[in-house]
Amino acid sequence: MAWFRRKDKNIAELGKKNIPSGLWTKCPTCTEIQYKPELDKNYSVCRHCGHHFRVSPAIYRELLLDQGSFQELFGNVKSADPLKFKSGKKYTDQLETAMSKTNQNDAINCYSGKINGKRIILGIMNFEFIAGSMGSVVGELVSRSIDLAREEKSPFVLVCASGGARMQESALSLMQLAKTSSKLARFQEEGGLFIPILTDPTTGGVTASFGMLGDVILAEPGALIGFAGPRVIKQTIGEDLPEGFQRAEFLQDKGFLDHIVPRENMKEMLSNLIGLLVS
Ligand SMILES: [Zn+2]
């Protein structure tokens, strides 16, 4: 009996070695098991139910910009830690961990590139970098992108993904709401086109500023979009929340969004909008 157990164990170990980890993933909506390379080919959208998995900024960049057309902008800006913030872990350590995990300086990358031959400035936020939180670097890069779009008379497209303001930067983080909003107001007054794409999740300070200030506001299907979380709202108003609350479809129904666009159609939608709205 003991012999069989040992043999079974060996077979199990052999099996484990032959199946690399991370090759399969379960869809959280329909629970179908997905083969990762197939899922990647479909821009990380479930073929069974259309669930949009979160994707890395590089996938979004490839999806939207014409091949070989892009150039990264403002790549040298990094967060300082003027408040010497510490909460369990030092903020500087958190930054270092996030940098090595994502290979980025902060929660946003900006590019100059083309969509079907039309020049745009594109920002892509990364939720993997301290929950895509907006600190002074995100605010500064969004501001610089708006300035450049204004100078070049190019549209500005921003793929949003954020847990909100970066608490480790306190008031400096909150100031980014006013800074980016005022820059956008001037850009739009002069006829500039700004299109935010709200992906899962877009919450807090980003929803309270540039996320909701687009000339046209796009979102991905099923994306969580809101300011405070549902638990806080439920406690505050003392009522149960309706089904689908804070999901893209609910927000579109209430008039907060213009279009919900499946990922595979996003480039075509942007290209059409830019063609229609930019003279
Ligand atoms: Zn699914």
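The values are calculated or read from the model by the stated rules, or taken from the named source; none is laboratory data. Remember, predicted model here, so these are calculated numbers, not experimental data. Neighbour counts are summed over all protein chains in view; Cβ atoms, including those assigned to glycine, are modelled from backbone coordinates with ideal geometry.
Residues of region 111-126 being outside any strand (DSSP E or B) and surrounded by fewer than 22 Cβ atoms within 10 Å (Cβ to Cβ), which ones? Matches in region 111-126: Asn116, Gly117.
Of the residues making up region 23-34, those that are polar (S, T, N, Q) and near the ligand (Cβ under 8 Å from one of its atoms) are Thr29, Thr31, Gln34.
Note on region 226-264: among residues that are in a helix (DSSP H, G or I) and touching a residue at least 40 places away in the same chain (Cβ under 8 Å), the one that is farthest from Val206 (Cα to Cα) is Glu264. Counting only residues that are in a strand (DSSP E or B) and within 23 Å of Glu152 (Cβ to Cβ), which one in region 194-215 is farthest from the chain's Cα centre (by Cα)? Restricting to residues being in a strand (DSSP E or B) and within 23 Å of Glu152 (Cβ to Cβ), the top hit is Phe194.
Conditions tested, residue by residue: (1) of a type outside the set (Gly, Ala, Ser); (2) at pLDDT below 95; (3) more than 14 Å from Tyr91 (Cβ to Cβ).
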{"site": "Met125", "(1), (2), (3)": "yes, no, yes"}
{"site": "Val137", "(1), (2), (3)": "yes, no, no"}
{"site": "Arg144", "(1), (2), (3)": "yes, no, yes"}
{"site": "Leu148", "(1), (2), (3)": "yes, no, yes"}
{"site": "Val157", "(1), (2), (3)": "yes, no, yes"}
{"site": "Cys160", "(1), (2), (3)": "yes, no, yes"}
{"site": "Met167", "(1), (2), (3)": "yes, yes, no"}
{"site": "Gln176", "(1), (2), (3)": "yes, no, yes"}
{"site": "Ser182", "(1), (2), (3)": "no, no, yes"}
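Within the bounds of region 216-233, is there any residue that is within 16 Å of the chain's Cα centre (by Cα) and closer than 15 Å to Phe156 by Cα? Yes; the residues of region 216-233 include at least one that is within 16 Å of the chain's Cα centre (by Cα) and closer than 15 Å to Phe156 by Cα. Filtering region 160-193 down to residues that are loosely packed, with under 14 Cβ neighbours inside 10 Å and of a type in the set (D, E, K, R), which residue is nearest to the chain's Cα centre (by Cα)? Per the stated criteria, the residue is Arg186.
Among the residues of region 127-158, those identified as touching a residue at least 60 places away in the same chain (Cβ under 8 Å) and in a helix (DSSP H, G or I) are Gly132, Val137, Glu140, Leu141, Val142, Arg144, Ser145, Leu148. Taking the residues in region 35-52 that are hydrophobic (A, V, I, L, M, F, W, C) and surrounded by 17 or more Cβ atoms within 10 Å (Cβ to Cβ) as candidates, determine which candidate is nearest to the ligand (Cβ to nearest atom). Among those that are hydrophobic (A, V, I, L, M, F, W, C) and surrounded by 17 or more Cβ atoms within 10 Å (Cβ to Cβ), it is Cys46.
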